[in-house]
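Notes for the one structure printed next.
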Amino acid sequence: MKLYCLSGHPTLPCNVLKFKSTTIMLDCGLDMTSTLNFLPLPLVQSPRLSNLPGWSLKDGNAFLDKELKECSGHVFVDSVPEFCLPETELIDLSTVDVILISNYHCMMALPYITEHTGFTGTVYATEPTVQIGRLLMEELVNFIERVPKAQSASLWKNKDIQRLLPSPLKDAVEVSTWRRCYTMQEVNSALSKIQLVGYSQKIELFGAVQVTPLSSGYALGSSNWIIQSHYEKVSYVSGSSLLTTHPQPMDQASLKNSDVLVLTGLTQIPTANPDGMVGEFCSNLALTVRNGGNVLVPCYPSGVIYDLLECLYQYIDSAGLSSVPLYFISPVANSSLEFSQIFAEWLCHNKQSKVYLPEPPFPHAELIQTNKLKHYPSIHGDFSNDFRQPCVVFTGHPSLRFGDVVHFMELWGKSSLNTVIFTEPDFSYLEALAPYQPLAMKCIYCPIDTRLNFIQVSKLLKEVQPLHVVCPEQYTQPPPAQSHRMDLMIDCQPPAMSYRRAEVLALPFKRRYEKIEIMPELADSLVPMEIKPGISLATVSAVLHTKDNKHLLQPPPRPTQPTSGKKRKRVSDDVPDCKVLKPLLSGSIPVEQFVQTLEKVSRFLGRHGHTTRISLSRAHYGSWRQQGDVAAWTCSRRPLSTQEEAASTRRCDEPGRVGQRRAHPCQSLELPQLTPCCQRGARLHLSVRIWEAAAMVLDAQEFRE
Amino acid sequence: MDLECSRLLPALCAVLVDPRQPVADDTCLEKLLDWFKTVTEGESSLLLLQEHPCLVELLSHVLKLQDLSPGVLSFSLRLAGIFAAQENCFQYLQGDSSLFVASAASQLLVHILALSMRGGAEEQPCLQGDDWPTCAQKIMGHVEESLCSTATPKVTQALNVLTTTFGRCQSPWTEALWVRLSARVACLIERDPIPAAHSLVDLLLCVARSPVFGSSNGNLWEMVAQALSCLGPTHVGPLALGILKLEHCPQALRTQAFQVLLQPLACVLKATVQAPGPPGLLLRAKGTRAVAITPGLLDGMADDAMTVDALLASKSSCAGLLCRTLAHLEELQPLPQRPSPWPQVPLLGAAVTVLRLCDGSATPVSSVGGHLCRTLAGCVRVQRAALDFLGMLSQGTSPQELVMQVLAVLLECLESPGSSPTVLKKAFQATFRWLLSSPKTPSCSGLGPHIPQFLRELFLVLQKRLCSPCWEVRDSALEFLTQLSRHWGGEADFSCALLASEVPELAWQLLQDPESYVRASAVTATGQLSSRGLHAPTSPQHAVARQSLLRELLRILSTDSEGFPRRAVMQVFTEWLRDGHADVARDTEQFVATVLQLASQDLDWEVRVQGLELALVFLGQTLGPPRTHCPYAVALPEAAPARPLTEALRALCHVRLFDFAFRALFDCDRPVAQKSCDLLLFLRDKIASYNSLGEANPNTNSVEVSPWRRWAGEQTQPQEDQEPEAVLAMLRSLDLEGLQSTLAESSDHVEKSPQSLLQDMLATGGFLQGDEADCY
């Protein structure tokens, strides 16, 4: 089992998990911090931005002055902004079978992957994730396409030239792979490959693994994923929250007993408490507006904005600000506000219950009704007629490089009465503000990140107890700026395995078992012999039949009669033709020794996980016809699932020999993992003999019938 | 005992010994005991027992019963103890599963021991153990045996008995007792773990406090010293504190105790102090240069392994230990016998470090420090304790630079978005205390030289906090503002910084806060600012609304639906009237008339009481201040009244003060009536003094006394001004003293009588209702 790490951004992950012959991409985040190196795209012609001086080398060489501009000591690329994609060279992305999406922020690179890598698989995501993700993509495309910019700079990306540039351009990574934004057509095509799923829905992948989305509590429709086979379980935890904001609460219980837990998407501001930050936000907003200043809130069109509006709904009246207009400007503002109200089943309990009342789940509906909140697709059109100051404007993009926010920064930046309040934690606010310097406007940094902090993570890990934790390397050491804060890192035993961009991790696995079913007629033929109170054994000779990663023990072929050479061999439909079995070794089982071994192994295994397995180690005299290597047989005594119970009842009804002990038809055997021969769709016929033939351990209690 | 009670007693005793009868509750029994105690103090117990054989029957009966409730058993034992204090000897019982019984038995044991010793040993004060009376021998044998037991509960009981003994009895024989037992107690300290450590600490402190031992008890001090080094951090703190509170105690022991007390803070400092460089603690605060703090007492203290273990064991153990330590030191600081020199500077350093650990900005230099950092980050409980402690340290003298650092830490705490409302409240309190103690310089500014800059930053923070969405924060910010302006309202630096901020404006706006507590605090704050002439600078936006704070406060008094803001308005008005606020002085009579009318109609009794207080102030201003009642006060010549009595009375009538006072006299809320009574008594007294000065007595004989009930009645219609003559007649006709004494009796004085108690208990048992047959 391997993990290919395609993104180094801890909250915008993109990893590929190879697990039991399937290739699963976990999230598809797009690192947009690369856009901070570019000049803003002004919606309205900005003389200031267009007259910035070109940048020249120290020796006065100005050959880059068309591509690079200088503003207040910083150098920016004057071009259409570009994004840093996940690694595409580390693994052949056309072999990815499925992509699992956790939340709408973690799917922004999807069109790059699905449209340009030969990807032919399926994408799984919840409905709100898809719908709001579509809005985010639509907004992004709209922001960039509506300011056509002819120039596309590429000279500076030359490695020899980049070396000469000032920081941070000099240190930008993988600039050659940076790409322009996708088109709406690519977005639509990418989204058409998505299959919608609901929380706790079980999705079978080629019979080998099952994937299940769980509520993660972070955003509308946000999920964590369980990827499991019969005996292995991998949990993928992405952006999750334990706070009681609008989404459904996080499902923690289902993450229990994982062999591996991949942990990403923790809070980016571990020292800031979201409640305190909301308080800061409100206080600073009120102080500005009371003085006649305007407040600008650069934000995404969905997510924290719902909570901020709800908070303001309660606050503005008490602060005597009811007459101050709130504006929400985004090409998708209307859809975002409406979507939030219709995804009732994805909301927290408190909001869900409002569906049965004549009031909408979110109070922003009332703000709209009472004309306190107004939304517009852009600053052009109706907005310019309605615009009143002082006011509060929510608009994108939080990077301050494109979108309507650029206009407001230019408009309000010169007055110290106005305030820009940063609430989104994805971008460094100082870097975001760099091309607007010098700036008279007040800047307040109140990042609101509701994702898990390290205290919550440590509680979560204690609760769900995974055998191994895998996380981005940033989480295994304190933040660089606070190197003494040993509390700001993941603290677990064994220590978490860390990954970085473009790294391949071999994940440790202790359990290597497969589930094998026994055909009823074969089970019927077994005659267990009680060798010790409570323990019975039966020998079994069978053929192992494997198809679509399912294994079945069938009755062995009747040995073909040695015939004279000219007679034709009878063709058997049921039982595959096979060569004559090697003669059985004769002798008796050393019962006492055998049982002791069984008990020892069962005690050992009983400590690990809830499945009690009895393993017959070194029980291998037979041969795999093709593989020839069996390390162990085991017999499971785990409780039967409902499905298995039903099957068992059905099979038990079949006529059996009266008065004779029958093996429990549903008793399952486990074999070592068959990885080498489990190619998807391959057909394998293996005949197995174990010990002198084969041994089977049955629980005496199951013979009470 | 009165007759009625004597009559009820036998029935009650019957109820108590009858297991079928429910006994009301333990509180009743406690009250009954209290009553018996009073009775036995007044008359002979022997006589009481002779007159009430039912009591003896009760006691003897109780001993025979098997299934008696522990409550009644305990009651009986204690009752027996009360009688035994005069008469003699009962059986004892100890180790009962019920805490009541165990405690009662233990107390009884002490009584008996003391009695038997007094009986036999009074003439031979230094009696040796062998010569003790049999009873005392027996008890001591039992205690000794228990002390050697391996069962902790038995040890605890024995220690408790001894603690009670040394606490109650201070006769010379207790010294002999200690000599006999001290070896056994010393053995306890040598055990690991020390059993019943809490009780052991109590015993040691009790013995140490006992005057019998004087100051020369080397054996005791050795034992205490040993306990200080052996006890775990949980128990050693109270012991150390207790020792430091002792008036006489060897200096070496005091030093040891103080070191023990400081140990946790020393650990914290050590784990966070930069190792290289000059010895001491470097404290850094934003914008100030680092100052070396000499650890003094903390220097050279070895790390105590037990303390470090407790700090590292768990979050709760670490927080608990630090909170207790800080509380102990806080308790010690103001005491005259506190250790000297008091390590003010290192303690300040420790408090600041703890705060820095809580907000995550401390720099650990060891693995212990790293662990502390992880444990304490965001720990609100420790943060609050450290802020309390820091506030208390403001009383000591600290170097100016250190003061600035403390203020910087406080400012950061107030500024931090992560500070919880309770932490903010504590931070406001601590900041206020530090400002209060800031060194006064003889320069033109009354405040310290750095204070103006600090105030400017403080008001920026306050401004933000006044806009907080959390009402608790707005409330504590307003309270803080009130305190500040009350103390420094007159200082130019202060008012300059305040008026340069938006704080007064925001305080004004909070008069309309949706939360009533906040409105109340806003009323107090704006009232205070207004008294000091610190009006919000007018901005055109709110110019109309701001025309007069007086008008705004009157609006709140007449329309606010909650009591708190209205009470606050009344307090502000009273203060304004007392201080001669400009808005009030413009037309005082009109002001008083309006306020009294609103207050008299208020549904909240506290508002009405406050209204009477305001009336009293007005009375004082109209008729002269109240006379001092202290008989030894220098008798000042009576100041000439401001104006003639008739005129003064007419003014009082004009503001309808009498309407209000007479009606309040019969208010359904007792405090209102009491206040009104006091007010009228004061008035009568004043008039009498006028008369004594020889002013013409208004002719009242001819006045027909209208029924004074008219005032007390519900009439609310405006009526013509009362004539002063009628008022005087009214005053004379009232038995104010009688009324005052009636009102002084608590409303439950009937319910509190022993007769009522006995009746209640019997009623619970169903006896007074009589016929049991009725139940069927």
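The values are calculated or read from the model by the stated rules, or taken from the named source; none is laboratory data. All values derive from a computational prediction rather than experimental measurement. Every residue, glycine as well, gets a Cβ built from its backbone with ideal geometry; the counts of neighbours run over all protein chains shown.
Restricted to the range A:421-460, and to residues there that are of a type in the set (A, V, I, L, M, F, W, C) and assigned to a strand (DSSP E or B), the residue that is farthest from the other protein chains (Cβ to nearest Cβ) is A:Cys443. Within the option set A:Glu463, A:Glu514, A:Glu521, being in contact (Cβ under 8 Å) with a residue 12 or more places away in the chain and assigned to a strand (DSSP E or B) holds for one residue only, A:Glu514. Given the criteria modelled with pLDDT under 95 and over 18 Å from A:Ser254 (Cβ atoms), does A:Thr450 qualify? Yes, satisfied.
Residue pairs whose Cβ atoms lie under 6 Å apart, sitting 6 or more positions apart in sequence or on different chains, and linking a residue in the range A:258-276 that is more than 10 Å from chain B (Cβ to nearest Cβ) to a partner that is among the acidic types (Asp, Glu), are A:Asp259/A:Glu232; A:Thr267/A:Asp449; A:Gln268/A:Asp449; A:Ile269/A:Asp449. Out of contact with any helix residue (DSSP H, G or I) (no Cβ under 6 Å at 6 or more places or on another chain) and among the β-branched types (Val, Ile, Thr): is that true of B:Val365 in this structure? Yes: the conditions hold for B:Val365. Taking the conditions (1) under 22 Å from A:Tyr300 (Cα atoms); (2) more than 14 Å from chain B (Cβ to nearest Cβ); (3) surrounded by fewer than 19 Cβ atoms within 10 Å (Cβ to Cβ) in turn, A:Glu204 satisfies each one other than (1). Within the range B:216-234, the residues that satisfy the criterion of being part of a helix (DSSP H, G or I), in contact (Cβ under 8 Å) with a residue 40 or more places away in the chain and under 31 Å from the mean Cα position of the chain (by Cα) are B:Pro233, B:Thr234. When the residues of the range B:344-371 are filtered to those that are touching a Leu at 6+ places or on another chain (Cβ under 6 Å) and within 11 Å of another protein chain (Cβ to nearest Cβ), which remaining residue is surrounded by the fewest Cβ atoms within 10 Å (Cβ to Cβ)? Looking at residues that are touching a Leu at 6+ places or on another chain (Cβ under 6 Å) and within 11 Å of another protein chain (Cβ to nearest Cβ), I get B:His371.
You will find that of A:Tyr104, A:Tyr112, A:Tyr124, the residue that is among the aromatic types (Phe, Trp, Tyr) and closer than 21 Å to A:Leu205 by Cβ is A:Tyr124 and no other. Of all residues in the range A:154-176, those satisfying the criterion of being under 27 Å from the mean Cα position of the chain (by Cα) and surrounded by 16 or more Cβ atoms within 10 Å (Cβ to Cβ) are A:Ala172, A:Val175. Of the numbered criteria (1) of a type in the set (S, T, N, Q); (2) within 14 Å of chain A (Cβ to nearest Cβ); (3) within 16 Å of B:Leu549 (Cβ to Cβ), the one B:Ser420 fails is (3).
Apart from one condition, A:Leu140 fits all of (1) within 21 Å of A:Val234 (Cβ to Cβ); (2) part of a helix (DSSP H, G or I); (3) aliphatic (A, V, I, L, M); the exception is (1). For the range B:377-407, a residue qualifies if it is more than 29 Å from the chain's Cα centre (by Cα) and either modelled with pLDDT of 90 or more or acidic (Asp, Glu) (or both), and exactly one does: B:Glu401. Among the residues of the range A:317-336, those that are more than 17 Å from A:Arg388 (Cα to Cα), more than 10 Å from chain B (Cβ to nearest Cβ) and of a type in the set (A, V, I, L, M, F, W, C) comprise A:Val332, A:Ala333. Name the residues in the range B:1-34 that are farther than 21 Å from B:Leu49 by Cβ, among the aliphatic types (A, V, I, L, M) and in a helix (DSSP H, G or I), would you? If the condition is that a residue be farther than 21 Å from B:Leu49 by Cβ, among the aliphatic types (A, V, I, L, M) and in a helix (DSSP H, G or I), then no residue fits.
Given the residues A:Ser56, A:Ser102, which is the only one that is in a loop (DSSP other than H, G, I, E, B), crowded, with 23+ Cβ neighbours inside 10 Å and polar (S, T, N, Q)? Quick ask: steps written out before the conclusion?
Details: A:Ser56 fails: crowded, with 23+ Cβ neighbours inside 10 Å.
Result: A:Ser102 is the single residue among A:Ser56, A:Ser102 that is in a loop (DSSP other than H, G, I, E, B), crowded, with 23+ Cβ neighbours inside 10 Å and polar (S, T, N, Q).
All of (1) part of a strand (DSSP E or B); (2) surrounded by fewer than 21 Cβ atoms within 10 Å (Cβ to Cβ) hold for A:Tyr231 with one exception: (1). In this structure, is A:Leu308 touching a residue at least 24 places away in the same chain (Cβ under 8 Å) and in contact with a Leu (Cβ under 8 Å, 6 or more places away or on another chain)? Considered against the rule, which asks whether it is touching a residue at least 24 places away in the same chain (Cβ under 8 Å) and in contact with a Leu (Cβ under 8 Å, 6 or more places away or on another chain), A:Leu308 comes out as no. From the list B:Gln528, B:Gln463, the lone residue that is over 29 Å from the mean Cα position of the chain (by Cα), at pLDDT 90 or above and part of a helix (DSSP H, G or I) is B:Gln463. Does B:Ser445 qualify as being modelled with pLDDT under 95, facing chain A (nearest Cβ under 10 Å) and either farther than 15 Å from B:Leu498 by Cβ or surrounded by fewer than 19 Cβ atoms within 10 Å (Cβ to Cβ) (or both)? Here the answer is no, as B:Ser445 does not meet what is asked. Picking from residues in the range A:483-502 that are in contact (Cβ under 8 Å) with a residue 40 or more places away in the chain and in contact with a helix residue (DSSP H, G or I) (Cβ under 9 Å, 6 or more places away or on another chain), the one that is nearest to the other protein chains (Cβ to nearest Cβ) is A:Arg485.
For the range A:277-308, residues that are on the phi > 0 side of the Ramachandran plot and either more than 13 Å from chain B (Cβ to nearest Cβ) or at pLDDT 95 or above (or both) total 1.
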